[in-house]
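Working notes, structure below.
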Amino acid sequence: MGNEIDEREAPRLDRWLRSLNPGAKLLVALLLGVAALVFPGPALAGVLVLVLFAVAAGAGALGSFAKVMFGFGVPASVILVFIQGFYGSSNATFIADFGFARLGLEGVLAALKTVGTVLVFLGGFFLMNRTATPSELVADLTERGLSPEAGYLVLASLNVVPQMRRRMATIQEAQTARGLELSGGVVSRLRAALPLLGPVVMSSLTDAQERSMTLETHGFHLKGARHTTYRAVRRSRADAPLVMAAVTLVVLSVVACVVTALGLVSL
């Protein structure tokens, strides 16, 4: 009941994103990244990043989205602009001279395109992951032809990190209740965290064994058997238009790349 109230109170754009098919959202995220990768120059990547920021803001996730994007984008931009801008082999037009090295325009543009492309992939997958659970995605991929064994393994792999985080938190609470001090400086925290690694690793190995047993007991090895899923796959009228729009953007990016390579247009 609480989830229904949360969905009703969520922004309209967030509800619309959650109503889309998870496989379609995955494909759109991939196609947007490919379009930014193929397009000559960083312009398309910058536009797509701004669009993703606008979508995140409309969906009520601007804070967490900006934290992820800036947390990666700022240091990556500084590093790549420094390396490619000062020492890129393609530099022919220099826009600044710092004495020890000159900053090249071509290197800066190449660095911005690289960072922008990665941010498009990162932002697209962030929004997809926020609006579709791994179980929904795997259920949709299974309906589209993915084998049940592969679907189960993909779902188990996607849940490894969240499960280990929950298990680590449980073990920390148990050790704190026994009197283990987990606060203090970096050295003391590291010393206190080392004994926790053993239970986490052993429990992860146990989980791996349980997964292999689950594959056998649930009949994943049976040929010709029809497997069902607990999750109902969502589908929307907007799935096909969104995918077609993303495909069109990739095609236009390829055309722009070709005409630029032929020297017909400079982008």
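Of 47, 115, 51, 68, which residue is surrounded by 15 or more Cβ atoms within 10 Å (Cβ to Cβ) and under 27 Å from residue 239 (Cα atoms)? Before you say what the answer is, go through the steps one by one.
Numbers: 47 fails: surrounded by 15 or more Cβ atoms within 10 Å (Cβ to Cβ); 115 fails: under 27 Å from residue 239 (Cα atoms); 51 fails: surrounded by 15 or more Cβ atoms within 10 Å (Cβ to Cβ).
After ruling out the rest, the residue left standing is 68.
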Provide a single number: the residues in region 239-264 that are modelled with pLDDT under 90 and surrounded by 12 or more Cβ atoms within 10 Å (Cβ to Cβ).
1
So which residues in region 93-108 are under 27 Å from the mean Cα position of the chain (by Cα) and either within 24 Å of residue 54 (Cβ to Cβ) or β-branched (Val, Ile, Thr) (or both), if there are any at all?
108
Go through the residues of region 132-153 one by one and say whether even a single one is of a type outside the set (Gly, Ala, Ser), closer than 26 Å to residue 38 by Cα and either at pLDDT 80 or above or buried (at least 18 other Cβ atoms within 10 Å of the Cβ) (or both).
no
Under the condition of being assigned to a helix (DSSP H, G or I) and aliphatic (A, V, I, L, M), which residue from region 92-111 is modelled with the lowest pLDDT?
105
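The values are calculated or read from the model by the stated rules, or taken from the named source; none is laboratory data. Since the model is a prediction, treat every value here as computed from it, not as a measurement. Neighbour counts run over all protein chains shown; Cβ positions are idealised from the backbone, glycine included.
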